[in-house]
Amino acid sequence: MDRILADQTKAAGSTVDQRDQDGSASPPVRRWIAERERWAAAIAERGVDWDHPRTVHWNAACGTEAAADFAAIRRQARTYAAIAPAFAAAARHREDRARTAEAMGDPVTARENYFMAAVHWSAAQWPGHADDAADRGHHERKRACYSRYAELADHHVEAVSIPFPGTHRGSLPAWLHLPPGYTGGRTPVAVVVPDLDSCKEATVALHGDRFLSRGFAVLAMEGPGQYECALLGTHFSVPAWAQVGTACLDWLAGRAEVDPEQVVLTGSGFGSFAATIAAAHEPRIRACAVMEVCHEPGWTTVFEQASPTHKMRFMYMTGHTDEAEFDRFSRTITWQGHAERLRMPYLAVAGEDDELSPLEWTRSLLDAVQGPRQLVVYQDSPHHIGGVPSARLGPFASSLVADWLAARVRGDAFPSEQWIIDVDGRINRGPLPAPGAVEPPERSRPTAQPVLTTTAAGPLPEPPPPPVEPGPTAPSSGTPSASSNGSRPVPTAPSSGTPSASSNGSRPVPTPPPNGPRPVPTPPPNGPRPVPTPPPNGSRPVSSASSNGSGPAPTASSHQPEPVPAAPVEGPGATPSEPVPSVDKAAQPADRARGSRKKGGPAPTGGEHPQPAIRHEPAAPKASRRRSKVPRGSSS
């Protein structure tokens, strides 16, 4: 498949350190060797983003001008061996343009091209997984280009080296950015930990950075095992990351530009795990927010089911060349025993269908957190939050994280709760469900009851209709009405042939069908609800929400309180809108209070982080031809 893979294939039965003719070392991974044809075919078909949209992140940092670079690389790099040369060629092109712009007296164009060159050089480092001459050459060019960018930038950018005391030698390399227009005083600072594939140079965007534009200073750092840190000899381990927060806070306390009491920490991907460990051991951090999370203890899904390049990169970060030894080491990669120390506000933003870290582990982590916490889930989204309606129509995940951290710096209170961003972009608020009830073994399936359910592909097929009552009836369209707490709709009988009760409990008043009055049965006040009668054209019954929102949807023969009247849709050709159930698949167990914790000490007092009660309000009914949106809990 490529030079690295060929060298590994020669020693498929060996797990010793392997070096090619240029002296480079690459950790051998069994699946990379055994499944060589599978991964070669995937790269040939989809290019550099065959397993993860990494170029999307890099392109976002560089801005729109670099889009042509990344598009060309995606077309050209169709083998693993071609990835690094393709990025190196793009980096040289940008370096040349930067020097030309400097010579012509165009500093803005020069700095932009130096920035893009640095990101391309970093991307050229990614496929190697080795500390060799090629990797160090790419690193040196990356540093040189970014240093020149820093000199020409429109805000203060400074290369820093954070002392890293204790048993872990070396230092933490970082770039300190001050917000544009900074003239003095102390400003809040965001410490940002990059993803597994990314680097500190791509952490702060060239244009409109999310933190700088909100008045934060940014400490863009690399911790143990990441890129430059690994070159300096500081490899990954959980104990090493447990010291990172303290090292950063001690260093920031000596800087006159930043407020040491307003330091927030954030990370994505690998950074979500690393930032969680760092925050757990440094109580001075004001708040911690992570997204596109990696919270599965041991990272089994990442290492054994995802692309083997993830494991190859991680082995390089830890300094392992023996896969069996690394497999034993990977058992230590866990937040358990650390997250219980978290008492500052904590936010996790995740995709509902995360293929790298099952959502149940993030819920378990949040259950261990001792401070106020919040979970935001994007419906149907994979690990990379994007490419689905919830991400397109709902809040932009990166901006949501930045806004949330800015609110913590302002001291705004918030309740411990869950947000579900549904397919219509609506925010559905509710209490945090108990862990373990996150993902059922399989999605809901239709039963004999007329309950509407959905999957990621849309509404499920209708269940068989109930028995037909004798006597002619005529259907008419209606609009489902939501219950006061936003529970999912409960089907009712069609409005034609079924009396609708008034809100004050008076005698039900029959609703005439569109084609003239017909006699309709009136149920007794305490009797069973009439069985829905399917209309002649096969349309399904109109649904409305239950009055209390509890339990599964009742059948037609169940004893129910007086029904809520449904507003009819005007016109003989009108069609009813379909309700969209909440994607929240978990319910809080009855024997467990919301916010209870299985482990750890007492939660912070109300004076530190007041948590007002969650309000649930009904969604305003809308007469629309689009699907009705029935959230779980209050929505915005």
Fill in the blank from the handout: Considering residues that are over 17 Å from Trp419 (Cβ atoms) and open to solvent by less than 10 Å² (accessible area, probe 1.4 Å), the number found within the range 368-394 is 4
Fill in the blank from the handout: The one condition Ala348 fails out of (1) out of contact with any His (no Cβ under 6 Å at 6 or more places or on another chain); (2) of a type in the set (A, V, I, L, M, F, W, C); (3) over 29 Å from Ile420 (Cβ atoms) is (3)
Exercise for the section: Starting from the range 352-381, take each residue that is on the phi > 0 side of the Ramachandran plot and list its partners that are surrounded by fewer than 21 Cβ atoms within 10 Å (Cβ to Cβ) and of a type in the set (Gly, Ala, Ser), counting only C-beta distances under 9 angstrom and pairs at least six apart or across chains. Expected result: Asp380/Ala456
Problem - Selection within the range 48-90 - within 24 Å of the chain's Cα centre (by Cα) and among the small types (Gly, Ala, Ser) - result: Ala60, Ala61, Gly63, Ala67
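Somewhere in the range 236-248, is a residue aromatic (Phe, Trp, Tyr), assigned to a loop (DSSP other than H, G, I, E, B), in contact with a Phe, Trp or Tyr (Cβ under 9 Å, 6 or more places away or on another chain) and closer than 24 Å to Trp58 by Cα? So that I can check it myself, show each step before the final result.
Initial filter on the range 236-248 (aromatic (Phe, Trp, Tyr)): 236, 241.
Next, only the ones that are assigned to a loop (DSSP other than H, G, I, E, B) stay: 236.
Then drop every residue that is not in contact with a Phe, Trp or Tyr (Cβ under 9 Å, 6 or more places away or on another chain), which leaves 236.
Among the residues that remain, those that are also closer than 24 Å to Trp58 by Cα are: 236.
Yes: one or more hits.
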Exercise for the section: For the range 257-264, indicate whether the set of residues that are outside any strand (DSSP E or B), in contact with a strand residue (DSSP E or B) (Cβ under 7 Å, 6 or more places away or on another chain), touching a residue at least 60 places away in the same chain (Cβ under 8 Å) and among the charged types (D, E, K, R) is non-empty. Expected result: yes
Exercise for the section: Could you please let me know if Ala220 is open to solvent by less than 10 Å² (accessible area, probe 1.4 Å), part of a helix (DSSP H, G or I) and within 27 Å of Ala130 (Cβ to Cβ)? Expected result: no
Practice task
Working only within the range 175-205, note down all residues that are in a strand (DSSP E or B) and buried (at least 24 other Cβ atoms within 10 Å of the Cβ).
Solution key: His177, Val189, Ala190, Val191, Val192, Val193
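Have a look at Gly298, Gly319 and point out the one that is surrounded by fewer than 22 Cβ atoms within 10 Å (Cβ to Cβ) and at pLDDT below 95. Let's see the steps before the verdict.
Values: Gly298 fails: at pLDDT below 95.
The match here is Gly319.
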Exercise for the section: Determine whether the range 206-215 contains at least one residue that is open to solvent by 20 Å² or more (accessible area, probe 1.4 Å), more than 26 Å from the chain's Cα centre (by Cα) and not small (Gly, Ala, Ser). Expected result: no
Fill in the blank from the handout: Going through the range 328-351 in order, the residues found to be in contact with a Phe, Trp or Tyr (Cβ under 8 Å, 6 or more places away or on another chain) and either part of a strand (DSSP E or B) or over 30 Å from Ser390 (Cβ atoms) (or both) are Ser330, Leu347, Val349, Ala350, Gly351
Handout entry: Candidates Ala101, Ala67, Ala117, Ala88, filtered to the one that is over 30 Å from Lys311 (Cβ atoms) and surrounded by 15 or more Cβ atoms within 10 Å (Cβ to Cβ)
Key = Ala101
Fill in the blank from the handout: Per the filter on the range 28-49, residues surrounded by 19 or more Cβ atoms within 10 Å (Cβ to Cβ) and of a type in the set (A, V, I, L, M, F, W, C) are Val29, Trp32, Trp39, Ile43, Val48
Problem - Filter pass, Ala118 being of a type in the set (A, V, I, L, M, F, W, C), in a helix (DSSP H, G or I) and closer than 21 Å to Ser268 by Cα - result: yes
Fill in the blank from the handout: Taking the range 148-174 and the residues there that are of a type outside the set (Asp, Glu), in contact with a strand residue (DSSP E or B) (Cβ under 8 Å, 6 or more places away or on another chain) and open to solvent by 40 Å² or more (accessible area, probe 1.4 Å), the one that is nearest to Leu206 (Cα to Cα) would be His156
Problem - Members of the range 235-254 that are under 24 Å from the mean Cα position of the chain (by Cα) and without any contact (Cβ under 8 Å) to a residue 60 or more places away in the chain - result: Trp241, Gly245
Practice task
List the number of the failed condition for His310; all other conditions in (1) closer than 18 Å to Gln125 by Cα; (2) of a type outside the set (D, E, K, R); (3) open to solvent by less than 10 Å² (accessible area, probe 1.4 Å) hold.
Solution key: (3)
Fill in the blank from the handout: When restricted to Ala275, Ala289, the only residue buried (at least 18 other Cβ atoms within 10 Å of the Cβ), part of a strand (DSSP E or B) and small (Gly, Ala, Ser) is Ala289
Handout entry: Filter result for Arg328 (among the basic types (Lys, Arg) and in contact (Cβ under 8 Å) with a residue 24 or more places away in the chain)
Key = no
Practice task
Would you mind finding the one in Ala90, Ala123 that is touching a residue at least 60 places away in the same chain (Cβ under 8 Å) and within 23 Å of Ala153 (Cβ to Cβ)?
Solution key: Ala123
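Being open to solvent by 30 Å² or more (accessible area, probe 1.4 Å) and not in a helix (DSSP H, G or I) is the requirement here; does Arg78 meet it? Before you say what the answer is, go through the steps one by one.
Values: open to solvent by 30 Å² or more (accessible area, probe 1.4 Å): yes; not in a helix (DSSP H, G or I): yes.
The answer is yes for Arg78.
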Handout entry: Hits in the range 224-234 (condition: more than 22 Å from Ala60 (Cα to Cα) and either hydrophobic (A, V, I, L, M, F, W, C) or under 22 Å from the mean Cα position of the chain (by Cα) (or both))
Key = Cys229, Ala230, Leu231, Leu232
Exercise for the section: Say whether the condition of being open to solvent by less than 20 Å² (accessible area, probe 1.4 Å) and at pLDDT 95 or above is met by at least one residue in the range 131-140. Expected result: no
Problem - In the range 226-250, the residues that are among the acidic types (Asp, Glu) and surrounded by fewer than 19 Cβ atoms within 10 Å (Cβ to Cβ) - result: Asp250
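The values are calculated or read from the model by the stated rules, or taken from the named source; none is laboratory data. As the structure is a prediction and not an experimental result, all values here were calculated from the model. Cβ sites come from the backbone with ideal geometry, for glycine too, and all protein chains shown count toward neighbours. Protein only, heavy atoms only, side chains kept; ligands, DNA and RNA dropped before computing areas. Shrake-Rupley method; radii C 1.70, N 1.55, O 1.52, S 1.80 Å.
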